[in-house]
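FYI, it's all coordinate maths here, none of it is from the lab. As the structure is a prediction and not an experimental result, all values here were calculated from the model. Note that we place each Cβ from the backbone using ideal geometry, even for glycine, and neighbour counts take in every protein chain shown.
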Amino acid sequence: MLSKFKNVLVLAPHTDDGELGAGGTINKLIELGANVYYFAFSTVEQSVPDGYPKDILKKEVRKATKKLGIKEENLIIYCYEVRKLNYVRQEILEDLIEYRKKIKPDLVLMPSLHDIHQDHSTIAKEGLRAFKQTTILGYELIWNNLSFDTTSFVKLKKRHIEAKCNALKEYQSQGMRDYMSEDFIKSLAKTRGVQIGCKYAEAFEVVRWVI
Ligand SMILES: [Zn+2]
């Protein structure tokens, strides 16, 4: 089923959201031969912890996406200001429409429409506007989800979860966050696996399903 997707677009409001929400699935898609594009809309320069250069996340996202198998030329980094993506909603929509024609994705992975973070919510809404004719799955970031319908699952092997953990280790500037811990990442993957009778999985909300 997953192997039918050839061009996949991951929309990450901030560098790291794509890896956190769908890192295992991205790694599996690439293993199955998909061409995966990753768009990050903010490098969070205004909230980088003290002691790190302002552009640290630009470097970290390059290393992290490489660990998942994403080609360097498929990584597009925008530098919109964190927490203010809704101020540039139209520009973001136009960016997405421009690439829709170039990439022609058959699967889009983006934050859930129930994600309450203002930047995540903006990317989810503009993503749906731009790709309403495409299959869209919303990824899970439990610390921002008031509710999350586990309507879709991707079964994963240990190697996919290891790749996700290795990618996230590249975000040294974000290492203090609870959700970056390997223990948490594996526990959630096991939880989602238990729901569908396998060892590891990632859950997604079906936003749109084009068969
Ligand atoms: Zn984020």
* Asked: Each label point is 7 Å from the Cα along the Cα-to-Cβ direction; what then is the distance between the points at Lys66 and Ser3, in nm?
  -> 3.0
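How much length is gained if the chain between Met176 and Arg83 is pulled fully straight, taking 0.36 nm per residue apart and subtracting their Cα-Cα distance, in nm to one decimal? All intermediate terms of the calculation are to be shown ahead of the outcome.
Values: separation 93, 0.36 × 93 = 33.48 nm, distance 1.98 nm.
Separation in residues times 0.36 nm, less the Cα-Cα distance, equals 31.5 nm.
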* To do: Among Ile26, Ala130, Pro53, flag the residue with its Cα farthest along the positive direction of the charge dipole of the chain, charges on Cβ as +1 for Lys/Arg and -1 for Asp/Glu.
  => Ile26
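Based on DSSP H runs of at least 4 residues, each adding -39500 (n - 2.57), what is the mean residue ellipticity at 222 nm of the chain after dividing by all its residues, to the nearest 500 deg cm²/dmol? It would help to have the intermediate numbers written out before the result.
On the way: 6 runs with 82 residues, N = 211.
After summing the helix terms and dividing by residue count, I get -12500 deg cm²/dmol.
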* To do: Identify which of Phe153, Phe39, Phe184 has the largest mean-square fluctuation in a Gaussian network model of the chain, with springs joining Cα atoms closer than 10 Å.
  => Phe184
* Asked: Among residues other than Lys169 whose Cβ falls under 12 Å from its Cβ, what is the net charge (Lys/Arg +1, Asp/Glu -1)?
  -> -3
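Using Cα-Cα distances under 8 Å and only pairs 6 or more residues apart, what relative contact order does the chain have, in percent? List each step's numbers first, then the result.
Working: 416 pairs, mean separation 53.7, N = 211.
Reported as a whole number, the value is 25 percent.
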* To do: Note down the net charge around Thr122, summing +1 for each Lys or Arg and -1 for each Asp or Glu among other residues with Cβ under 14 Å from its Cβ.
  => -3
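Where does the charge balance sit around Val36 when Lys and Arg score +1, Asp and Glu -1, over other residues with C-beta under 11 Å from its C-beta?
Values: positive: Lys6, Lys28, Lys71; negative: Glu31.
Local charge sum for Val36: +2.
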* the range 2-208: equivalent-ellipsoid semi-axes (sqrt of 5 x gyration tensor eigenvalues, Cα, Å) -> 22, 21, 17
* To do: Towards the positive end of the charge dipole of the chain, with charges on Cβ (+1 Lys, Arg; -1 Asp, Glu), say which of Ile196, Gln174, Asn144 has the farthest Cα.
  => Ile196
* **Distant alpha-carbon pairs in the range 122-208 (separation over 21 angstrom), percent** => 39
